[in-house]
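Participant: Quick one: the structure is below, and I'll ask about it shortly.
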Amino acid sequence: MNIHDQTPRFSRRRMLQGGLGLGVAALGLGPVGTLLAKAGSGLGVSPGYGPLAPVRDRATGLALLQLPPGFEYTSFGWAGEEIAPGQACPGKHDGMGVVGAEGDIVTLVRNHELTNEPGGSFAPASATYNPDARGGTVTLRFDTARGEFVDATPSLSGTLVNCAGGVTPWGSWLSCEEIVLDAGQKVRVSKDYVHEMTHSHGFIFEVPGKGLSRAEPLLAMGQMKHEAAAVDPRDGIVYLTEDHKPYAGFYRFIPRVAGELHRGGRLQMLRAEGAPDLRTGCRVGDIMKVRWVDIDEPTKGTDSDGGSGGLVRQGLANGGTAFVRLEGVIVEQGRVFFISTSGGDARCGQMWAYRPDEGLLELVFESPSPDVLDYPDNIVASPRGGLVVCEDSEQPVQRLYGLDRAGGLFEFCRNNVVLDGHRGFSGDFRHEEWAGACFSPDGRWLFANIYEPGFTVAITGPWRPGLI
């Protein structure tokens, strides 16, 4: 596909053939499950909100996005902006969530997936885990009545590769490190420099909705290449994905005290009965019984050879089931939906649904081709009954997709970022991934991140029931 081709991808697609069958519908899923069931019944394509065209950003005047008619947006929280005296906002904007609202002011916490960038922690010492590391989170406030950015402040740093995470029912953000390193391990940072780690990494950190994180790793939740987290509000169980290959596990953390994760708990990996490997060879509608196997040593994330697969190896040895590159996870209507970005026979992505009450797992979607859907990543349910999917693929232009309540997939937004010196950034960034999609509590604003050069957008417009 030519990078300048603006033709909607669905016009040339064979959409979702093979279908989801009747399995999901028979399970009686709520609106999200129902739309997924319908997505495979031959409906396939949705007109969504109409054709996309470049729209100028209210903040910069640049046409950073392509959107349907009537939609507008503003950018904020750019990399390089001052977030504290003398402290610039880091880049690599990744996972994000809305953690609270007071009147019209919405508070978000945003991850920064930094590895060996120079400068060390960007947060105060009390919110710093490892002073040598520059990953972490920034807390942002946005005025939904005025449609304007309010401010951004550091809330956690000294971490590494803060990829995704999840919002808790008690108003905090779980920031997940997608890397496994042990204290004392020597890491080559550049051609001429090898760094000896002073801290272990590969953990989850909790960031409050207000103020600073205590920067204490939640050790019982495991040391692994964490991706996303979702809390079931009914019992406080936290479901965790692992972005690892060639094998990854799907985990749950049963806290000793619901809502108090720092008190520890029990980490387990999913086992699908009779299915030790679900990376390929599955059919949409396949249903399996589930039980859970313990992770005996949650803080042993490294392999014997120093690799990052220590936890998944433990789980597989105890009978757990193998997935690959697990990414987004949400809890909706008592069901847990999670994404395998490169799972499936075409290696273009799967979506699984776990029903805790029945102990069942079902494959509800598998992309048959990159022309249908390629490498789905973060997902979020819309208050209007649909689903937003962030794309992180090898396509030349990255998109936000919508899945409407009737099961039709559509393009909602295209990355249109081409810069010529704006804020010091130049180049074509249309291939950069979308991440961190989330809605304001009133549903009027959709927030999302462009990973590089690094900024957040707030999108609003003529939303309609049944769509996103």
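The values are calculated or read from the model by the stated rules, or taken from the named source; none is laboratory data. Worth saying up front: this structure is predicted, and the values here are computed from it rather than measured. Cβ atoms come from the backbone with ideal geometry, glycine included; neighbour counts cover every protein chain shown. SASA here: full protein model, heavy atoms, side chains in, ligands and nucleic acids out. Shrake-Rupley method; radii C 1.70, N 1.55, O 1.52, S 1.80 Å.
Participant: Output wanted: per-residue J couplings in Hz (rounded whole) for the stretch 119-135, from phi through Karplus 6.51 cos²θ - 1.76 cosθ + 1.60, θ = phi - 60°, x for Gly and Pro.
Facilitator: Running phi through 6.51 cos²θ - 1.76 cosθ + 1.60 with θ = phi - 60° gives x, x, 4, 9, 10, x, 4, 5, 10, 10, 8, 10, x, 7, 9, 10, x Hz.
Participant: Using a 1.4 Å probe on the protein chains only, how many percent of the accessible area of the stretch 68-113 belongs to carbon and sulfur?
Facilitator: The computed percentage sits at 46.
Participant: Using a 1.4 angstrom probe, figure out how much accessible area the chain has per residue, in square angstrom, rounded to the nearest whole.
Facilitator: Per residue, the chain has an accessible area of 37 Å².
Participant: Can I ask one more? Once the cut-off is 28 Å, how many percent of the Cα-Cα pairs in the chain end up in the long-distance tail?
Facilitator: Beyond 28 Å sits 48 percent of the P(r) for the chain.
Participant: Counting residues in the stretch 333-468 as N, plug N into 2.2 N^0.38 Å and put the Cα Rg over that result.
Facilitator: For the stretch 333-468, the normalised Cα radius of gyration is 1.12.
Participant: Related question: Could you tell me the relative contact order of the chain? Use alpha-carbon pairs under 8 Å, at least six residues apart, and round to a whole percent.
Facilitator: 17
Participant: Okay, moving on. If I compute solvent accessible area with a 1.4 Å probe over the protein chains, what percent of it on the stretch 323-457 is carbon and sulfur?
Facilitator: 44
Participant: Sequence-distant or interchain residues sharing an amide H contact under 5 Å with LYS300, placed H: which?
Facilitator: Result for LYS300 returns GLN223.
Participant: While we're on this one: What are the radius of gyration and Dmax of the stretch 198-303, computed over its Cα atoms and given in Å?
Facilitator: When restricted to Cα atoms, the stretch 198-303 yields Rg and Dmax of 15.1, 47 Å.
Participant: Mind checking which lysines have their C-alpha under 28 Å from LYS210, skipping anything on the same chain fewer than 8 residues away?
Facilitator: LYS92, LYS225
Participant: For the stretch 316-404, what are Rg and Dmax over the alpha carbons, in angstrom?
Facilitator: Rg and Dmax of the stretch 316-404, Cα atoms, are 13.5, 42 Å.
Participant: Also, I was wondering about something else. How many nm separate the modelled label positions at LYS186 and GLU394, each set 7 Å beyond the Cα in the direction of the Cβ?
Facilitator: Reported label-point gap for LYS186 and GLU394 is 3.5 nm.
Participant: Roughly how many nanometres apart are two label points built 7 Å out from the Cα toward the Cβ at ARG58 and ASP303?
Facilitator: Here the answer is 5.0 nm between the modelled labels.
Participant: Along the three principal axes, how long is the stretch 164-235 when you take its alpha carbons, biggest first, rounded to the nearest angstrom?
Facilitator: Principal extents (Cα only, largest first): 50, 24, 19 Å.
Participant: If you don't mind, there's one more thing I want to ask. What residues qualify as long-range amide H neighbours of ASP377, i.e. H under 5 Å apart, gap of 5 or more or another chain, H built at 1.01 Å from N?
Facilitator: CYS390, ASP392
Participant: Quick check: residue separation of GLU81 and GLU260 times 0.36 nm, minus the Cα distance between them. What number comes out in nm?
Facilitator: 61.0 nm
Participant: Can you list the HN-Hα couplings for the stretch 398-406, worked out from phi with the Karplus curve (6.51, -1.76, 1.60; θ = phi - 60°), rounded to whole Hz and with x for Gly and Pro?
Facilitator: Residue by residue, the stretch 398-406 yields 8, 10, 9, 9, x, 10, 7, 5, 7 Hz.
Participant: From the mean inverse distance of alpha carbon pairs (Kirkwood) and the Cα radius of gyration, derive Rg over Rh for the stretch 427-468.
Facilitator: On the Cα set of the stretch 427-468, Rg over Rh gives 1.05.
Participant: On to the next question. Put a dot 7 Å past each Cα toward the Cβ at ARG234 and ASP296; how far apart are the dots in nm?
Facilitator: 3.3
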